[in-house]
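Since the structure comes first, as structure tokens, the remarks are kept for the end.
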Amino acid sequence: MIIVAVVVLAAIGAAVHIVGGRRRSERLKERFGPEYERSLAETDDRRKTEDQLAQREKRHRKLELRDLDERERAEFHDRWLGVQRDFVDDPDRAVERADALVVEVMSARGYPVVDFEQRAADISVEHPVVVQHYREAQRISAANARGGVDTEDLRRAVTSYRSLIEALLDRGGDDPGPTRRPGGDGRRTGTAAQSGQARPRSEETQV
């Protein structure tokens, strides 16, 4: 009877562990979305991936993040508009300025900004979609520093940085909405523009 009881308890414990593991996986998949899949492809180990993402959440909870006040938000927004305007004359410089501005905004919000990978990891907890744009922008920026990046790639980098700027300024989060091409004619793209319907969005979400 004792042996049977031990076996039953072990089976129950194993079942609870399995169910708990599945719930954890589902929760992390739902929270991190594309970042979960990217991390899994990188580690090729589901348990390791989920441990890493759980550690990101734990670290993020300890960060002393703050919202920007209206003055700060307006100042950063104006500087972002300057980055886009400068793209016409100097795309290389515009990408450098966009990258530096992202770091400044993150620092103002309270994020540690020691290195890119940690910045991306911290951002991914709240912005798992936008962080993919950040990674792409950083990849292009690094390639540009080595030379050989064309203007369209630089344009894509600036647009990707824009997605993160909006999220950090609390202007759109993971849904950057319609965009204006850096250095372009200011025409909007997206569902609202295609349908001809005006969207009640401020200028911040159009750039």
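Restricting 119, 135, 146, 155 to residues that are of a type outside the set (S, T, N, Q) and open to solvent by 70 Å² or more (accessible area, probe 1.4 Å) narrows the list to 146. For the range 74-91, a residue qualifies if it is of a type in the set (Asp, Glu) and closer than 11 Å to residue 158 by Cβ, and exactly one does: 86.
Cβ-Cβ contacts under 6 Å between residues 6 or more apart (or on different chains), taken from a first residue in the range 86-112 that is touching a residue at least 24 places away in the same chain (Cβ under 8 Å) to a second residue that is of a type in the set (D, E, K, R) and exposed (fewer than 13 other Cβ atoms within 10 Å of the Cβ), are listed as 110/64; 110/66. Here residue 83 clears all of (1) within 17 Å of residue 170 (Cα to Cα); (2) in contact with a Lys or Arg (Cβ under 6 Å, 6 or more places away or on another chain) except the condition numbered (1).
Pairs linking a residue in the range 34-58 that is aromatic (Phe, Trp, Tyr) to a residue that is in a helix (DSSP H, G or I), with Cβ atoms under 8 Å and 6 or more positions apart or on different chains, are 36/28; 36/29; 36/49; 36/53.
The values are calculated or read from the model by the stated rules, or taken from the named source; none is laboratory data. Nothing here was measured: the structure is a model prediction, and the numbers come from that model. We place every Cβ from the backbone using ideal geometry, glycine too, and count neighbours over all the protein chains shown. The accessibility values were calculated without ligands, DNA or RNA, using every heavy atom of the protein model including side chains. Shrake-Rupley method; radii C 1.70, N 1.55, O 1.52, S 1.80 Å.
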